[in-house]
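First up is the structure itself, then whatever we jot down about it.
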Amino acid sequence: MRIFVIMKHTLLILLMAVMGAAAGCSKQDPSTAFYTRLHSANKLVFASMSISKMATIDDLDFEDAKGIRQKTDALLSSLKIGKRKAAYSYDTYLRAYIDLSELTPDDVKIDDAAKTVTVTLPAVKTEFAGRDLGLREDHYRVTGLRSDINAQERAQIKERMNTHLKAEVEGDDTFRAVLTEQARNKARSYFENLLSDSGYVPVIKFRG
């Protein structure tokens, strides 16, 4: 089995229909009003990435076989008439979000003299957000007297692909770094636009 990782694309997801300008809140000082509105939004997802995992099933070459069992299977396969090869893929999803429930009152500072509001947002976090239920069959060729690739083989290869993908993402910061940077840029732009109507100049920062 050969496994490959392909980063396919990034999607902007804005789940932010819950907030409005805070300046209109009466009987609250502006910093408290800003904090209350932002804190109530909880978890906001700003970016999502799909990662495609691909694997192939084909005959094991005798030279690549390890151990008596594999060498025996490879030898028997070489004696059978026909070819047996297939390629499968599926998508796993990774997303980046900000948990505004972690925001504290000290994270919102207003400078009335300079007419600025400085918001220090919680750090962007990432998480796996599910995967495709089924495999895509990208290639399938079984000829001669070779046996078909069965459901058990497909299930096994998918689990191996999933394990390999998670290990790849955990061991390489590239995927998360790209997604985190996109989410940070989108969040900064969003909150700057959101707070710009309040009468203050927004300054958006992030923890860490």
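Looking for whichever is part of a helix (DSSP H, G or I), hydroxyl-bearing (Ser, Thr, Tyr) and in contact with a Pro (Cβ under 9 Å, 6 or more places away or on another chain) here; the options are Ser189, Ser196. Which one fits?
Ser196
Among the numbered criteria (1) more than 14 Å from the chain's Cα centre (by Cα); (2) surrounded by 14 or more Cβ atoms within 10 Å (Cβ to Cβ); (3) in contact (Cβ under 8 Å) with a residue 40 or more places away in the chain; (4) over 30 Å from Ile57 (Cβ atoms), which single criterion is violated by Arg207?
So the condition that Arg207 fails would be (2).
Mind counting the residues in region 106-160 that are within 30 Å of Tyr35 (Cβ to Cβ), part of a strand (DSSP E or B) and touching a residue at least 12 places away in the same chain (Cβ under 8 Å)?
Just the residues of region 106-160 that are within 30 Å of Tyr35 (Cβ to Cβ), to begin with: 106-127, 129.
Pick out the ones that are also part of a strand (DSSP E or B) and you get 108-111, 116-121, 125-127, 129.
Applying the additional criterion that residues be touching a residue at least 12 places away in the same chain (Cβ under 8 Å) yields 108-110, 116-121, 125-127, 129.
The total comes to 13.
Just to check your reading of the model, which residue among Ser52, Ser89, Ser101 is at pLDDT below 90 and polar (S, T, N, Q)? Walk me through how you get there before you give the answer.
Values: Ser89 fails: at pLDDT below 90; Ser101 fails: at pLDDT below 90.
Answer to the check: Ser52.
If you take the residues in region 172-181 that are open to solvent by 70 Å² or more (accessible area, probe 1.4 Å) and part of a helix (DSSP H, G or I), which one is nearest to Ala96 (Cα to Cα)?
Of region 172-181, the ones open to solvent by 70 Å² or more (accessible area, probe 1.4 Å) are 173-174, 181.
From what's left, part of a helix (DSSP H, G or I): 174, 181.
Working: Thr174: 14, Glu181: 9 Å.
Within region 172-181, the match that is nearest to Ala96 (Cα to Cα) is Glu181.
Among the residues of region 29-57 satisfying the criterion of being small (Gly, Ala, Ser), touching a helix residue (DSSP H, G or I) at 6+ places or on another chain (Cβ under 7 Å) and part of a strand (DSSP E or B), which is farthest from Arg188 (Cα to Cα)? Before the answer, list the steps.
To start, the set of residues in region 29-57 that are small (Gly, Ala, Ser) comprises 31, 33, 40-41, 47-48, 50, 52, 55.
With the extra rule that they be touching a helix residue (DSSP H, G or I) at 6+ places or on another chain (Cβ under 7 Å), the set shrinks to 41, 47, 55.
The next check asks that each one be part of a strand (DSSP E or B); those that pass are 47, 55.
Details: Ala47: 13, Ala55: 38 Å.
That would be Ala55.
The values are calculated or read from the model by the stated rules, or taken from the named source; none is laboratory data. The structure presented is a predicted model; accordingly, all values stated were derived computationally and were not measured. Here the Cβ is made from the backbone with ideal geometry for all residues, glycine too, and neighbour counts use every protein chain on show. Ligands, DNA and RNA are excluded from the accessible area calculation, which covers all protein heavy atoms including side chains. Shrake-Rupley method; radii C 1.70, N 1.55, O 1.52, S 1.80 Å.
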